[in-house]
Amino acid sequence: MEKRIIHVDMDAFYAQIEQRDNPKLKGKPVIVGGKSSSRGVVSTASYEARKFGVHSAMPMSRAHQLCPDGYYVTPHFNVYREVSATIMEIFKSYTEFVQPVSLDEAYLDITHLVRRDMPASQVARYIKRDVLEATQLTCSAGVSYNRFLAKMASGMNKPDGLTIIHHGNVHDILMPLPIGDFPGVGKVTEEKMKTLGIETGQDLFNQTERDLINWFGKRGPKLYRYARGIGDDTVSSERTRKSIGKETTFEVDKNDDEEILAVIRKLAKQVSDKLSQHHFAGDIVTVKIKEFDFTTVTKQLKLPEHITEADAIYNIAYHLYTEVKSTERPIRLIGVTVGNLKEKRFENMTIYDFIQRKE
Ligand code: TTP
Ligand code: MG
């Protein structure tokens, strides 16, 4: 099934925060950057300052030339980090699939929230509203069916934008696009493209996959697909990758099953507690053994369902332990891990709970 991905990106992130926290800066050209010679570049410029041609990574001295009456502010990273944590929490309240890209930017897979009466664009509106309420800051959102199009969309109507790229408009958006705006086309590739006569999405679209492979190697097929609006749609959150595990190193090597199993039971309980604390359940259980001579052996099992309970974890771990433990080799370490986690609080949520929660 086709996915629904939202890319959210805060507008002029650092500068907007400075304007929020110092009303004197509202509506003014604000330039955030380091003042020392080592960090003497612009981090970001408010939209008012961008009108003067000031932009990120520009030397501060150049910014002063372009915008002598600008308001120059040194960064407050603690505040930026706090705001970042707040917006990421908002994103996670919608979906477990949140992939942060930087402090002010993340991909969200909201496929499961979309219904006839809840289009992805509406979810994006709710998210923008929540971000504004919680932080008094605007962001721009892009909605599409893969990551690169969502990201492109979020940049199209900044600030405070909401842009949807769908099958009906994707061609019209990609064809006139300057080649340098395609993902994976940096300065060097851009130059090479231009020498090949490829200046726009349309030019890229006109190439055969074979030619693109000849010119750009492994990246050829990807470029071929980008020109057709085809891209990666996996949003891999830390959470989906994460596992929770506990291990114990014995003071003296152990070979007594009963003793070791008692420790496994304890580890299973600790893992279970941590899982419930974070509302997680996992469906891969792994047992790790380090033998007396530091040989490490692991065995894992993928379960038909996600589990959290200590007893369930112990039963699987017991089974894995008996398979992997060699009777004549004492061990120095035993570990139990539950992986492939998902967040349980979304499990039984219907779209009606969702609407109620958001209204
Ligand atoms: P961006 O999202 O790239 O830029 P932005 O949020 O300032 O503006 P836009 O509305 O175009 O999204 O980067 C987010 C923050 O990261 C930015 O506010 C400051 C920091 N940053 C730097 O410190 N140096 C840089 O070169 C860039 C690009 C960003
Ligand atoms: Mg931004």
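The values are calculated or read from the model by the stated rules, or taken from the named source; none is laboratory data. The model shown is predicted, which means the values in this text are computed figures rather than measured ones. Note that we place each Cβ from the backbone using ideal geometry, even for glycine, and neighbour counts take in every protein chain shown.
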Positions within segment 290-299 being out of contact with any helix residue (DSSP H, G or I) (no Cβ under 6 Å at 6 or more places or on another chain) and crowded, with 16+ Cβ neighbours inside 10 Å, in sequence order: K290, E291
Conditions (1) away from ligand 1 (no atom under 16 Å from the Cβ); (2) touching a helix residue (DSSP H, G or I) at 6+ places or on another chain (Cβ under 7 Å); (3) under 20 Å from V235 (Cβ atoms); (4) part of a helix (DSSP H, G or I); number of the one not met by S93: (2)
If I filter segment 144-155 for residues that are surrounded by fewer than 19 Cβ atoms within 10 Å (Cβ to Cβ), in contact (Cβ under 8 Å) with a residue 60 or more places away in the chain and away from ligand 2 (no atom under 16 Å from the Cβ), do I get at least one hit? no
Out of segment 186-207, which residues are outside any helix (DSSP H, G or I) and at pLDDT 95 or above? L196, G197, I198, E199, T200, N206, Q207
Condition test on I6, is it in contact with a Gly (Cβ under 8 Å, 6 or more places away or on another chain), more than 12 Å from ligand 1 (Cβ to nearest atom) and closer than 30 Å to R116 by Cβ? yes
Hey, does segment 67-76 have a residue that's within 27 Å of I127 (Cα to Cα) and surrounded by fewer than 14 Cβ atoms within 10 Å (Cβ to Cβ)? no
Of the listed residues (V271, V263, V235), the one being of a type in the set (V, I, T) and under 13 Å from G339 (Cα atoms) is V271
Right, M118: within 15 Å of ligand 1 (Cβ to nearest atom) and either touching a Cys at 6+ places or on another chain (Cβ under 6 Å) or of a type in the set (A, V, I, L, M, F, W, C) (or both) or not? no
Among the residues of segment 88-137, how many are among the acidic types (D, E) and under 19 Å from A15 (Cα atoms)? 3
In segment 94-143, the residues that are within 13 Å of ligand 2 (Cβ to nearest atom), among the polar types (S, T, N, Q) and crowded, with 20+ Cβ neighbours inside 10 Å: S140
Matching residues, segment 102-143, being touching a strand residue (DSSP E or B) at 6+ places or on another chain (Cβ under 9 Å) and among the β-branched types (V, I, T): I110, T111, V123, I127, V131, T135, T138, V143
Hey, could you check segment 25-40 for residues that are basic (K, R) and free of Cβ contacts under 8 Å to residues at least 40 places away in the same chain and say which is farthest from ligand 2 (Cβ to nearest atom)? K35
If I ask for residues that are within 14 Å of ligand 1 (Cβ to nearest atom) and either among the basic types (K, R) or part of a helix (DSSP H, G or I) (or both), which ones from segment 130-149 would you list? V131, T135
From the options Y14, Y47, residue that is among the hydroxyl-bearing types (S, T, Y), within 16 Å of ligand 2 (Cβ to nearest atom) and surrounded by fewer than 24 Cβ atoms within 10 Å (Cβ to Cβ): Y47
Go over the candidates I179, I173, I165 one by one and state the one that is under 26 Å from K222 (Cβ atoms), of a type in the set (A, V, I, L, M), away from ligand 2 (no atom under 16 Å from the Cβ) and within 21 Å of the chain's Cα centre (by Cα). I165
Can you find a residue that is closer than 30 Å to N340 by Cα and within 21 Å of the chain's Cα centre (by Cα) anywhere in segment 70-81? yes
Take the conditions modelled with pLDDT of 95 or more and loosely packed, with under 15 Cβ neighbours inside 10 Å and apply them to E258. Does it pass? yes
Return yes or no: is L204 under 19 Å from E2 (Cβ atoms), in contact (Cβ under 8 Å) with a residue 24 or more places away in the chain and away from ligand 2 (no atom under 16 Å from the Cβ)? no
